[in-house]
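Okay, so here's the structure we're looking at.
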Amino acid sequence: MDNDVVKCQEILQGAYRTDVRPLLEKARLNRGGVLSPINAYRALDVRGGLIKERGKNTIATGL
């Protein structure tokens with residue numbers, strides 16, 4: 001180990017800047033999912049269905 005702090009910073013920045021969206025899209029398709037889960041969520045009106053089921057004033061507890 002040479003304790004190269006600058007090299008460590010370069011590795012972290014490289015990982016942070018890596019765009020993994022194409023990889024995730026391919027993985028979703030391979031598993032039978034959709035390319036854009038958010039768009040599917042909106043198109044299926046999941047939120048509207050949940051509001052009908054639970055009511056508009058439901059409080060999430062996080063539990």
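The values are calculated or read from the model by the stated rules, or taken from the named source; none is laboratory data. Quick caveat: nothing in here was measured; it's all calculated off a predicted structure. Cβ coordinates were reconstructed from backbone atoms using ideal geometry, including for glycine residues, and neighbour counts include every protein chain displayed. For accessibility, only protein heavy atoms count, side chains too; no ligands or nucleic acids. Shrake-Rupley method; radii C 1.70, N 1.55, O 1.52, S 1.80 Å.
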**Request:** With runs of 4+ DSSP H residues as the only contributors, calculate the mean residue ellipticity of the chain at 222 nm using -39,500 (n - 2.57) per run, divided by the residue total and rounded to the nearest 500.
**Result:** -18000 deg cm²/dmol
**Prompt:** On average, how much accessible surface per residue is there in region 5-63, in Å², for a 1.4 Å probe, leaving out ligands, DNA and RNA?
**Reply:** 98 Å²
**Asked** In debye, nearest 20: dipole of the chain around its Cα centre with unit charges on the Cβ of K, R (+) and D, E (-)?
**Response** 540 debye
**Request:** Can you send over the carbon and sulfur percentage of the accessible area for the chain, probe radius 1.4 Å, protein chains only?
**Result:** 58 percent
**Message:** For Lys26, give me every one of the aspartates and glutamates with a C-alpha distance below 17 angstrom, ignoring sequence neighbours fewer than eight places off in its own chain.
**Reply:** none
**Message:** Just to confirm a number: summing +1 for Lys and Arg and -1 for Asp and Glu over residues other than Val34 whose beta-carbon lies under 12 angstrom from that of Val34, what do you get?
**Reply:** +2
**Item:** Which label in (1) 1.25; (2) 1.90; (3) 1.01 gives the computed Cα Rg over 2.2 N^0.38 Å
**Value:** (2)
